1. Which one is nearest to A:Trp34 (Cα to Cα), of the residues in region B:76-88 that are more than 12 Å from chain A (Cβ to nearest Cβ) and in contact with a Ser or Thr (Cβ under 8 Å, 6 or more places away or on another chain)?
2. Which of the strands (runs of 3 or more DSSP E) found entirely inside region A:48-112 contain at least 2 residues meeting this: modelled with pLDDT of 95 or more, of a type in the set (Gly, Ala, Ser) and surrounded by fewer than 19 Cβ atoms within 10 Å (Cβ to Cβ)?
3. Could you list, in sequence order, the residues of region B:30-48 that are touching a residue at least 40 places away in the same chain (Cβ under 8 Å) and either among the β-branched types (Val, Ile, Thr) or at the interface with another protein chain (Cβ under 8 Å from one of its Cβ atoms) (or both)?
4. Condition first: of a type in the set (S, T, N, Q) and at pLDDT 95 or above. Now tell me which residues in region B:4-32 satisfy that.
5. Being closer than 19 Å to A:Asn98 by Cα, of a type in the set (Val, Ile, Thr) and surrounded by fewer than 16 Cβ atoms within 10 Å (Cβ to Cβ) is the filter here; which residues of region B:15-73 pass it?
6. Has region A:13-35 got at least one residue that is of a type in the set (Ser, Thr, Tyr), touching a residue at least 60 places away in the same chain (Cβ under 8 Å), outside any strand (DSSP E or B) and within 14 Å of chain B (Cβ to nearest Cβ)?
Amino acid sequence: DVKVTQSSRYLVKRTGEKVFLECVQDMDHENMFWYRQDPGLGLRLIYFSYDVKMKEKGDIPEGYSVSREKKERFSLILESASTNQTSMYLCASTAGPNYGYTFGSGTRLTVV
Amino acid sequence: GIQVEQSPPDLILQEGANSTLRCNFSDSVNNLQWFHQNPWGQLINLFYIPSGTKQNGRLSATTVATERYSLLYISSSQTTDSGVYFCAATTSGTYKYIFGTGTRLKVLA
């Protein structure tokens, strides 16, 4: 089975800190995604990557950046964390547009 | 962009009951998935089903793309089926899936 691993389950950071969320998949998938999930707003796409060093903005990229230096790893970076970035962050990967997604177990980030 | 609506928003079942969850979408879609989010937040892919019918154990799904809806059937429900069920859809040429707001299911023992 495809495994998508997110490095932290819970994270507490201070306002203004630079935060790195890491995601690793073990099935050689080309495509990786970062979503955030908030009550009442559902899942919203932040960024996705369809190849190493390639990235595209999703629906809510403001305040975030990403890095994909290796195929298996996709990092989400909060350049200067703010309280409105408190959320559940979910990483996913897929082999292609005609395949389902596999999600990681999520990182619940709290910015204080 | 497309709109994805799910119904009902909440559902409470007694163990052993059957249920049908519905996902309507506003435009033609090329890709559609169903997910289950368990109480710990893990999202599990149930089906990739842009059209037709698929079955996996007690779960089955049907997508009628021409009529812009998909259905998820849960038979003989168990308490472990509790959680939130999402459908997500996208049109051709994009990975930007739009997620519905989910159906929250609680199965009582």
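The values are calculated or read from the model by the stated rules, or taken from the named source; none is laboratory data. These numbers were taken from a predicted model, which means no experiment stands behind them. Glycine also receives a Cβ, built like all others from the backbone with ideal geometry; neighbour counts cover every protein chain displayed.
1. Pass one, region B:76-88, residues more than 12 Å from chain A (Cβ to nearest Cβ): B:76-83, B:85.
Now narrow it down to the ones that are in contact with a Ser or Thr (Cβ under 8 Å, 6 or more places away or on another chain): B:77, B:85.
On the way: B:Ser77: 31, B:Tyr85: 19 Å.
The qualifying residue nearest to A:Trp34 (Cα to Cα) is B:Tyr85.
2. Details: elements: A:54-57, A:64-70, A:73-78, A:87-94, A:107-111.
Result: A:64-70.
3. Hits for region B:30-48 are B:Asn30, B:Asn31, B:Gln33, B:Phe35, B:Leu43.
4. Of the residues in region B:4-32, the ones of a type in the set (S, T, N, Q) are B:6-7, B:14, B:18-20, B:24, B:26, B:28, B:30-31.
B:Gln6, B:Ser7, B:Gln14, B:Asn18, B:Ser19, B:Thr20, B:Asn24, listed by residue number.
5. B:Ile44, B:Thr53, B:Val64, B:Thr66
6. Scanning region A:13-35, I find no residue that is of a type in the set (Ser, Thr, Tyr), touching a residue at least 60 places away in the same chain (Cβ under 8 Å), outside any strand (DSSP E or B) and within 14 Å of chain B (Cβ to nearest Cβ), so the answer is no.
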